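Everything on this sheet refers to the single structure shown next.
Rule-based calculations on the coordinates, nothing more; no lab input. Keep in mind it's a predicted model, so treat the numbers as computed, not measured. Reconstructed Cβ throughout: ideal geometry from the backbone, glycine too, with neighbour counts over all protein chains shown.
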Amino acid sequence: MWNSRKGNTALHIASLAGQSLIVTILVENGANVNVQSLNGFTPLYMAAQENHEDVVRFLLSHGANQALSTEGR
């Protein structure tokens, strides 16, 4: 799985950009919806931060945990 220097995965980037189709493809192919970057951000947090409601709903329906801390790891 690809990670940036900040620990962001492809799912983080797609969620941040609101790319619903890419998010769907990644999750359906095993991407971890609760993965955290080095600063503790999850794909759900990143999608919510940018008001990508469709991505937020999709991630929640696929097990994204709203309670994960966003404190740096």
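Quick notes on this structure:
- Checking every residue in segment 35-42 against the condition of being more than 14 Å from Leu59 (Cβ to Cβ), free of Cβ contacts under 8 Å to residues at least 12 places away in the same chain and either out of contact with any strand residue (DSSP E or B) (no Cβ under 8 Å at 6 or more places or on another chain) or outside any helix (DSSP H, G or I) (or both) gives zero matches.
- Pick from segment 43-73, criterion part of a loop (DSSP other than H, G, I, E, B) and of a type in the set (S, T, N, Q), ranking: farthest from Gly18 (Cα to Cα): Ser69
- Each residue in segment 25-34 was checked for being loosely packed, with under 15 Cβ neighbours inside 10 Å and assigned to a helix (DSSP H, G or I), and 2 pass.
- Residues within segment 1-26 that are in contact with a helix residue (DSSP H, G or I) (Cβ under 7 Å, 6 or more places away or on another chain) and touching a residue at least 24 places away in the same chain (Cβ under 8 Å), tallied: 9
- Hits in segment 27-39 - residues which are under 11 Å from the mean Cα position of the chain (by Cα) and more than 18 Å from Glu53 (Cβ to Cβ): Ala31, Asn32, Asn34, Val35, Gln36, Ser37
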